[in-house]
Amino acid sequence: MTNELAAYRTLVLEGCDGAGKSTLAAHLADQHGFTVVHSPRTPDSLDLITHYRELLALPGRLILDRCFISELVYGPFYRGVSRITWAQAHDLARAVCDRDGALCHLSAPAEVIRARLLARDGRAPSHAQVAALLAGYSSVFQRLGERIPVITLQAPAGDEVPSSG
């Protein structure tokens, strides 16, 4: 699957914390020369649309390890609302496609996500919270996938690179 992903100039890797985004990004950067931009959860003061437009204007092969799609899931989960509208999300997703890119949805079972987060951070949301986040990502990608191609990858239980699923 990583060779198929390498055919793109731009990749947006999205999914719950612990789904394997950074592992896959590091592998693709090492094997295929992508520049990786990791976006942590963004502060409320940041103009998200301008921020992601500027990132998508960077030259060369680019991986966005978490980006605007996370705001559509984590925004409502933590703040009750997203700071990005659906129209803006579709516009940014189209900009990814126009840059010869693809949206990649990384997923894993809730128990795998929780175990990874506990091993990595020593804490994790409850199983129900992880399940809600997984459902949120599935819903967002289903809606975006109505207009823009989405590649879905299933994360393995270990630290291996995710595979198509």
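Taking 0.36 nm per residue of sequence separation and removing the Cα-Cα distance, the residue 46/residue 90 pair yields an extension gain of 13.9 nm. Shown for 111, 71: other C-beta atoms within 10 Å of each C-beta, ranked fewest to most, produce the order 111, 71. Which percent, nearest 5, of DSSP beta bridges in the chain are antiparallel? Here the share of antiparallel DSSP bridges comes out near 10 percent.
Would you mind checking segment 1-20 for residues with the amide N under 16 Å from a putative spin-label position 7 Å along Cα→C-beta of residue 38? Only 13-20 fall inside the zone, counting backbone N under 16 Å.
Over the chain, DSSP H runs of length four or greater, each weighted -39,500 (n - 2.57), average out per residue to a 222 nm ellipticity of -15000 deg cm²/dmol. The Rg/Rh ratio for segment 2-164 is 0.93, where Rg is the radius of gyration of the alpha carbons and Rh is the Kirkwood radius. Rounded to 0.05, the FRET efficiency of the residue 57 and residue 31 pair, given R0 = 22 Å and the Cβ-Cβ distance, is 0.30.
Any read-out appearing in this document is the output of simple, stated calculations on the displayed coordinates, not a laboratory observation. Here the structure is a predicted model, which means the values were calculated and not measured. With ideal geometry, Cβ positions are generated from the backbone for all residues, glycine too; neighbour counts draw on all protein chains shown.
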